[in-house]
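The values are calculated or read from the model by the stated rules, or taken from the named source; none is laboratory data. Only a predicted model underlies this, so the values are computations on that prediction, with no experimental measurement involved. Don't worry about glycine lacking a Cβ; one is built from the backbone with ideal geometry, like all the others, and counts go over all protein chains shown.
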């Protein structure tokens, strides 16, 4: 399962390249992205009622457009959209699609990442399947 951040296309392209190196004939590549959930937080109260549904639909269109240009033709591929906490959604989706491997991008950690833990590190710690971290 290739986890892409549609807001970071260079890293997402690297993730697809790395994931394609593991795909064999007959495999399905699941390309996954997450729409964060602002839920009932104070931040969420500033958005219109239908914001999340529109964000999910926009992400779906963007993910399909990304896959059309980045996944080699002839590859069996499935788009998967999560909605919620990023690392929890990645782990849940990997379990749902019975992923053999999670491929995720990571950037050079900033100070805040050392204190809170980046999503890639959380996926590595909590996933029940192997994780390949692609450094950008």
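Restricting the search to the range 46-74, which residues are under 20 Å from residue 14 (Cβ atoms), surrounded by 17 or more Cβ atoms within 10 Å (Cβ to Cβ) and in contact with a helix residue (DSSP H, G or I) (Cβ under 9 Å, 6 or more places away or on another chain)?
The answer is 66, 67, 70, 71.
Check whether at least one residue in the range 77-98 is touching a helix residue (DSSP H, G or I) at 6+ places or on another chain (Cβ under 7 Å) and modelled with pLDDT under 90, and report yes or no.
Looking for residues that are touching a helix residue (DSSP H, G or I) at 6+ places or on another chain (Cβ under 7 Å) and modelled with pLDDT under 90, one finds none in the range 77-98, hence no.
Among the residues of the range 75-100 satisfying the criterion of being assigned to a loop (DSSP other than H, G, I, E, B) and in contact with a strand residue (DSSP E or B) (Cβ under 9 Å, 6 or more places away or on another chain), which is surrounded by the most Cβ atoms within 10 Å (Cβ to Cβ)?
That would be 99.
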